[in-house]
1. Would you mind getting me the FRET efficiency between T75 and E486? Use the beta-carbon distance for r and R0 = 45 Å, nearest 0.05.
2. Over all directions, the average projected area of the alpha-carbon convex hull for the stretch 120-191 comes to how many nm²?
3. Using Cα-Cα distances under 8 Å and only pairs 6 or more residues apart, what relative contact order does the stretch 389-517 have, in percent?
4. Only Cα pairs under 8 Å and at least 6 apart count here; give the relative contact order of the chain as a rounded whole percent.
5. For the chain, what is the calculated [θ] at 222 nm in deg cm²/dmol (nearest 500), taking -39500 (n - 2.57) for each run of four or more DSSP H residues and dividing by its residue count?
6. Between L83 and K543, 0.36 nm times their residue separation minus their Cα-Cα distance comes to what?
7. Per residue and in Å³, how big is the convex hull formed by the alpha-carbon atoms of the stretch 219-361?
8. What percent do you get for the relative contact order of the stretch 425-479 when only Cα pairs under 8 Å and 6+ apart count?
Amino acid sequence: MSDPRIIEASPGHGAGKVLEIDHLKVTFATDGGDVHAVKDVSLDVRDGEVLAIVGESGSGKTVTAKTILGLLPETATSGGAVLINGNNVISVSAAKLRQIRGRDVAMVFQEPSTALNPVFTVGWQIAEGIRAHSGGPGGKRATAKEAKARAIEALRKVGIPDPEHRVNFYPHQFSGGQKQRVVIAAALALNPGLIVADEPTTALDVTVQAEILELLRDLRDKYGTSIVLITHNMGVVADLADRVVVMYQGDVVEEAPARVLFAEPKEDYTRKLLAAVPHLGRNSASEGLKERAHQHSPVLVEASNLTIEYPGRLGTPAFKAVDGVSFTISEGEVFGLVGESGSGKTTIGRAIAGLNRTTGGSLKVLGYEMLNFKERTFKPLRKDIGFVFQDPAASFNPQLTIGDCVAEPLIIHTNPSPAQARQRVGELFESVHLPASYADRYPHELSGGQRQRASLARALILNPRLLIADEPTSALDVSVQAKVLELFKEIQAEFGFAALFISHDLAVVDILSQWVGVLYKGKLVEQGIGSQVMGSPQHDYTKRLIASLPVPDPDEQARRRAAHRALLAT
C-alpha cells in the first residue's frame with residue numbers, strides 16, 4: 001500500500017482516485033515456460049495528477065500500462081485488480097470494457113506512425129473513435145457531422161494549426177511531432193478522466209519534445225486530466241510528473257513525489273538509474289580544450305560549401321536538404337552533429353559514406369572528391385568507413401546469426417577463411433563486451449543494447465579510419481545508453497578512429513564529441529569546441545535547442561522551462 005506521507009505530499013490529495021491497481025500480476029505463456037512480467041504491483045492515480053512509471057526495458061511498465069486498458073494478448077494471464085471508476089478492467093465483460101476505453105481512459109501509443117492508419121485521414125480516424133465510443137446504454141450515437149466537429153475541436157486543443165483544413169490530411173502530411181499531437185487528440189476526443197501515455201516523447205527532437213510536454217501539462221492544468229506517463233527519460237519525469245513509481249523486473253521498488261525522489265532516492269536501483277542520466281556539461285569530452293583537437297593531424301573529411309538537393313517531382317522545385325555547409329573532421333577526432341529532424345544531419349552522414357550524392361560544393365572523404373563520384377573508384381575506400389545505424393534491429397538480416405552479420409563486411413572486402421572470420425568476430429565481441437557464444441544467436445534473441453553493441457562490432461570489423469554513427473543511442477534505456485556511450489569512448493580511444501556522431505541529444509553529443517556543429521534547416525549555424533558551444537551558445541537556435549533539453553532535477557527544470565518560454569516569447 002502507499003505510504004500516507006506520500007499521499008499528503010502529492011497534488012490532488014483529497015480528490016478522488018481515477019485509477020487503483022491492487023496486487024496486479026501478469027504472466028505470459030511462452031514455449032520456454034511462463035514469464036512473470038508483472039509480479040505484484042499496487043499503485044493509484046488521483047484526479048489531476050501526473051504519475052510517472054519509470055524503469056528499464058523489461059521492468060513491466062508497459063505491460064502494466066496495457067493492463068489498464070485491457071490490451072493484453074491472449075497468452076497473458078492476469079490477477080489482482082485494476083479499478084477505473086469502480087470497474088475492474090480485468091474481470092468486466094468485453095462490452096463494458098469497450099465503454100470504459102475512450103470514455104474513462106485512453107492511450108497515447110509510443111509510435112504515432114504505427115498507431116495511425118496511413119490510408120485514412122486523421123479526422124476520419126479521430127471521428128471513428130468518437131462514434132465507436134459515444135452512445136452507450138440508452139445514449140445517442142454521434143452523427144458523422146458531430147464526430148467531425150469534435151475531431152476538429154480536439155485538434156485545436158492540441159495546437160494543430162488550421163484544424164478545419166488539416167482534419168482532412170493523411171498521417172504522412174504531418175511531421176513526427178504533429179503526428180504525436182494527433183494521437184493525443186484522438187485520446188482527448190471523448191474527454192477521458194485518465195490518459196495513459198506510453199513513451200510519448202522517445203524518438204522526438206528536444207524542441208518538439210518540449211512542445212509535447214507543454215501540451216500534456218496544459219491538459220492537466222486546464223482540463224484536470226490525470227496522466228500515467230510511461231518513460232525511461234528522467235528529464236521528462238522531472239519536467240512533468242507529480243509522483244514517480246520506479247519498477248524493476250516486474251516489481252515496484254520505490255514510490256515518492258517527484259521532488260523527493262530526485263533529491264533523496266532511497267533504493268540503490270533508483271540511484272543507479274539517476275546516475276546513468278547524461279547531464280550537459282558533466283563528463284564533457286571537450287572539457288579543457290583550448291583549440292581544435294588534433295589540429296595538426298591529417299584531415300579525413302573536408303566539406304566546403306557542401307550542397308545536397310533532392311529533385312522535385314511533377315513540376316515542384318528541388319528541395320535543398322544541405323545548404324552551403326563547411327566543416328572538417330581530423331584523424332582521431334569525434335565531430336558531433338546536432339539538430340532537429342529534417343535539418344540534414346543524416347543526409348550529410350550518408351553522403352560521407354557514399355550513400356547519398358552531393359550536388360554542389362566540395363566533399364572530400366579520405367582524400368576522394370565525392371562530387372560526381374563513381375562507385376567503382378570509391379569502392380576500395382569503403383573498407384575504411386564504418387557505419388553504425390540508428391536501428392540495429394532493422395539493419396541486421398533476421399535470417400543470419402549475429403556472428404554472420406558482424407562478419408559480413410570482412411567477408412565481402414577480404415575473403416578470409418571461416419576460421420579467420422570466427423576469430424576476428426570473437427575478438428570484436430570481447431571488445432564490445434558481448435559473450436562469444438552470442439555469435440550463434442539471431443538478432444531477435446538479443447536485447448536492444450546488445451544489438452547496438454553488435455552493430456558497433458560490425459562497424460569496426462575492418463579497422464576503419466572513419467566511423468559514422470547515426471543516432472546510435474536514441475531508443476535505448478538510460479542505463480543501457482550509459483554503458484553504450486562508455487563503450488564507444490573506450491573503443492574510440494583503443495582503435496583511434498575518427499567519428500561523425502549524429503544525434504539530437506545534446507547531452508550525449510557533449511559526452512563524446514570534442515568538436516560540435518549545429519545544423520538548422522540545412523545550414524550549419526554554429527560550430528566549435530563542444531563545451532563552448534554548449535556552455536555559451538551564440539546562435540538563437542542553439543540557445544533554443546539547449547533550453548529545450550529537460551534536466552533530471554524538478555526545481556532546475558522549472559527554472560529552465562520558464563527561461564525557455566521567455567526565449568520563445570522573444
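1. In this case the efficiency is close to 0.80.
2. 4.3
3. That works out to 28 percent.
4. Reported as a whole number, the value is 16 percent.
5. After summing the helix terms and dividing by residue count, I get -11500 deg cm²/dmol.
6. Result: 161.1 nm gained on full extension.
7. 246
8. Normalised by residue count, the contact order of the stretch 425-479 is 37 percent.
Quick note: the coordinates plus some simple rules give every number you see, no bench work behind them. Since the structure is predicted, the reported quantities are computational estimates derived from the model, not experimental observations. No Cβ is skipped: glycine too gets one built from the backbone with ideal geometry, and neighbour counts run over all protein chains shown.
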